[in-house]
Amino acid sequence: MNVSRAAKLEAQGVRLAFYNERMKRRLPVLAGIDLAVAEGELVAIVGPSGCGKSTFLGAVDGLVKLTGGAIKVDGRIVTAPGPDRAMVFQQDSLFPWRTVSRNVMYGLELQKRLPREAMRERAAQLVELVGLSGFAEHYPHELSGGMRQRVNIARALAPDPELLLLDEPFAALDAQTREFMQAELLKILARAGKTALFITHQIDEAIFLANRVAVFSARPARIKAIIDVNLPRERTLEVKLEPAFRELQDRIWRLIEEESASMAIAG
């Protein structure tokens, strides 16, 4: 896939290191990440545990300062968090004292760009988009884990960001709910027309969701491989039973296993 013609996100030679005060030295985390994500595309990132996937996502969001290289969204260099990006974390982090509707409105209230009635309309549209019609006035404790993550996604979409960043958003869910939410996320993103970067430890989840899967090497991370997921974009969970899906799963697992083995040897 040629993403250079309409890249929503570009990471160019991204390097990042943290200074360890106790050890009195810099610890490299990212060692030259080059990645482009096209408009409307979902790219999943997988790799060995601790390789720097979430750190990279934080850098894309502008939460982490780079040591070198650049990250651009729509050609603009990222230097800090901004309304063109929205993050969805593993925990839903909803305000327990706010209803579903008012949780979704939170980012709009901070922006103060819309009148109150327009914010309510936008929240109602998003509550319907994520499949929670009838639950707008419920509180988080009255919802299941999967429903709370739907609210979390709706809240992230409310300010209409250009890029949605998802850091293992389904990791805390049970296996059945997780699979259901994978299918629902594809529907939500297709309806909203959003570009997304998705971090996961689950290879099958990455393949099911993504147009392409970027495999990170062991730390300090580089791009070991970018795998095209040549499966029909309208996916049902049955696709996980197909031989082509299993082949992709085995291929990516072998790449990660090589990196995990190198980490063990280095350790």
Checked 70, 118 against criteria (farther than 30 Å from residue 208 by Cα and either in a loop (DSSP other than H, G, I, E, B) or not hydroxyl-bearing (Ser, Thr, Tyr) (or both)); the one match is 118
Of the residues in region 215-228, those that are within 18 Å of residue 245 (Cβ to Cβ) and surrounded by 21 or more Cβ atoms within 10 Å (Cβ to Cβ) come to 215
Taking region 142-163 and keeping residues part of a helix (DSSP H, G or I) and aliphatic (A, V, I, L, M) leaves 147, 151, 153, 154, 156, 157
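With respect to residue 219, determine if the residue is touching a strand residue (DSSP E or B) at 6+ places or on another chain (Cβ under 7 Å) and of a type in the set (D, E, K, R).
Answer is yes for this residue.
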Those residues of region 117-133 that are of a type in the set (Gly, Ala, Ser), within 20 Å of residue 144 (Cα to Cα) and surrounded by fewer than 17 Cβ atoms within 10 Å (Cβ to Cβ) come to a total of 3
Residue set 238, 205; condition of a type outside the set (A, V, I, L, M), at pLDDT 95 or above and either over 30 Å from residue 29 (Cβ atoms) or in a helix (DSSP H, G or I) (or both); output residue 205
Counting only residues in region 96-116 that are out of contact with any helix residue (DSSP H, G or I) (no Cβ under 6 Å at 6 or more places or on another chain) and modelled with pLDDT of 95 or more, the one nearest to residue 144 (Cα to Cα) is identified as 99
Going through region 42-65 in order, the residues found to be assigned to a loop (DSSP other than H, G, I, E, B) and surrounded by fewer than 20 Cβ atoms within 10 Å (Cβ to Cβ) are 49, 50, 62, 63, 64, 65
query = Just to be sure, is residue 199 more than 13 Å from the chain's Cα centre (by Cα), crowded, with 21+ Cβ neighbours inside 10 Å, within 28 Å of residue 259 (Cβ to Cβ) and of a type in the set (A, V, I, L, M, F, W, C)?
reply = no
**Asked** What do you reckon, is residue 199 under 24 Å from residue 84 (Cβ atoms) and either at pLDDT 95 or above or of a type in the set (Phe, Trp, Tyr) (or both)?
**Response** yes
(request) Inspect region 208-223 for any residue being over 13 Å from the mean Cα position of the chain (by Cα) and assigned to a helix (DSSP H, G or I) and give the result as yes or no. (result) yes
Per the filter on region 134-145, residues under 24 Å from the mean Cα position of the chain (by Cα) and surrounded by 18 or more Cβ atoms within 10 Å (Cβ to Cβ) are 140, 143
Only unsatisfied item for residue 69, checking (1) on the phi < 0 side of the Ramachandran plot; (2) touching a residue at least 40 places away in the same chain (Cβ under 8 Å), is (1)
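Is it the case that region 182-193 has a residue that's among the hydrophobic types (A, V, I, L, M, F, W, C), free of Cβ contacts under 8 Å to residues at least 40 places away in the same chain, surrounded by 17 or more Cβ atoms within 10 Å (Cβ to Cβ) and outside any helix (DSSP H, G or I)?
First, pick out the residues of region 182-193 that are among the hydrophobic types (A, V, I, L, M, F, W, C): 183, 185-186, 188-190, 192.
Filter again for free of Cβ contacts under 8 Å to residues at least 40 places away in the same chain, leaving 185, 190.
Right, trim to surrounded by 17 or more Cβ atoms within 10 Å (Cβ to Cβ) and you get 185.
Then drop every residue that is not outside any helix (DSSP H, G or I), which leaves none.
Within region 182-193, none of the residues are among the hydrophobic types (A, V, I, L, M, F, W, C), free of Cβ contacts under 8 Å to residues at least 40 places away in the same chain, surrounded by 17 or more Cβ atoms within 10 Å (Cβ to Cβ) and outside any helix (DSSP H, G or I).
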In region 66-91, residues that are among the basic types (Lys, Arg) and surrounded by 13 or more Cβ atoms within 10 Å (Cβ to Cβ) total 2
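The values are calculated or read from the model by the stated rules, or taken from the named source; none is laboratory data. Nothing here was measured: the structure is a model prediction, and the numbers come from that model. A quick note on method: Cβ atoms are made from the backbone with ideal geometry, for glycine too, and the neighbour counts reach across all protein chains shown.
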